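Participant: Here's a structure for you.
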Amino acid sequence: MKPLVHPAIEDITVEGILHALSDPVRAAIYAQMAGASCAMNCSNFLQVSDRSIPKSTLSLHFRALREAGLIRSERRGVEMHNTTRCADVEQRFPGLIGAIVSAHGAQAVERAKLAKRKAAAARSKAV
């Protein structure tokens, strides 16, 4: 098994963080993990933003988050347990993670409202 790569705090960059979170699925995964108080395994994310995500794709997303320095992964038997490195990133870039997670939450609320409006419009056209 290949060893897991976790960058040192001084090797974490803003560009790496923003690149890792530029994918909507990774942003949703990270936002959910940032709000959790315990380690989460990859199987917790088979459904993200109302989409089914294959395990192989999840592995790629978690690797991108890990290599950007956003999460720490640990193998436990056949499972991979993941925790955020929010404290490390906060120490290096104060306020960055909070701002990103907050913006992601606001965007999710707006998307939900838009989806409701579209569904209501579709129902009214059907009648």
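Participant: Given the DSSP H assignment, sum -39500 (n - 2.57) over each helix run of at least 4 residues in the chain and divide by its residue total; what's the result at 222 nm in deg cm²/dmol, nearest 500?
Facilitator: Calculated from helices alone, the mean residue ellipticity at 222 nm is -17500 deg cm²/dmol.
Participant: Check which residues have an amide H placed less than 5 Å from ARG85's amide H, if you skip close sequence neighbours.
Facilitator: Amide H neighbours of ARG85, under 5 Å, 5+ apart: ILE71, ARG72.
Participant: Next question. What percentages, rounded to whole numbers, describe P(r) for the chain computed over all alpha carbon pairs with 10 Å bin width beginning at zero?
Facilitator: 12, 40, 30, 11, 5, 1
Participant: Taking 7 Å along the Cα-to-C-beta vector as the label spot, tell me the ASN44-THR13 distance in nanometres, rounded to one decimal.
Facilitator: 3.0 nm
Participant: Continuing with this model, one more query. Using the heavy atoms of the protein chains alone and a 1.4 angstrom probe, what is the accessible area of the chain per residue in square angstrom?
Facilitator: 63 Å²
Participant: Kirkwood hydrodynamic radius, the stretch 12-71, all distinct C-alpha pairs: what's the number in Å?
Facilitator: Evaluated on the stretch 12-71, it is 11.6 Å.
Participant: Name the long-range amide H neighbours of ALA68: under 5 Å, sequence gap of 5 or more, or other chain; modelled H, no Pro or chain starts.
Facilitator: HN-HN under 5 Å from ALA68: empty list.
Participant: Suppose a student asked you for the relative contact order of the chain, using Cα pairs under 8 Å spaced at least 6 residues apart; what percent would you report?
Facilitator: 27 percent
Participant: Roughly what angle does helix 55-67 make with the longest principal axis of the chain, taking Cα atoms, 0 to 90 degrees, to the nearest 10?
Facilitator: Helix 55-67 and the main axis of the chain meet at about 50 degrees.
Participant: Right, another one. Sorting MET80, MET1, MET33 by accessible area (1.4 Å probe), largest first, what list results?
Facilitator: MET1, MET80, MET33
The values are calculated or read from the model by the stated rules, or taken from the named source; none is laboratory data. Keep in mind it's a predicted model, so treat the numbers as computed, not measured. Please note: Cβ atoms are built from the backbone with ideal geometry, for glycine as well, and neighbour counts cover all protein chains shown. Surface accessibility is based on the protein's heavy atoms, side chains included, excluding ligands, DNA and RNA. Shrake-Rupley method; radii C 1.70, N 1.55, O 1.52, S 1.80 Å.
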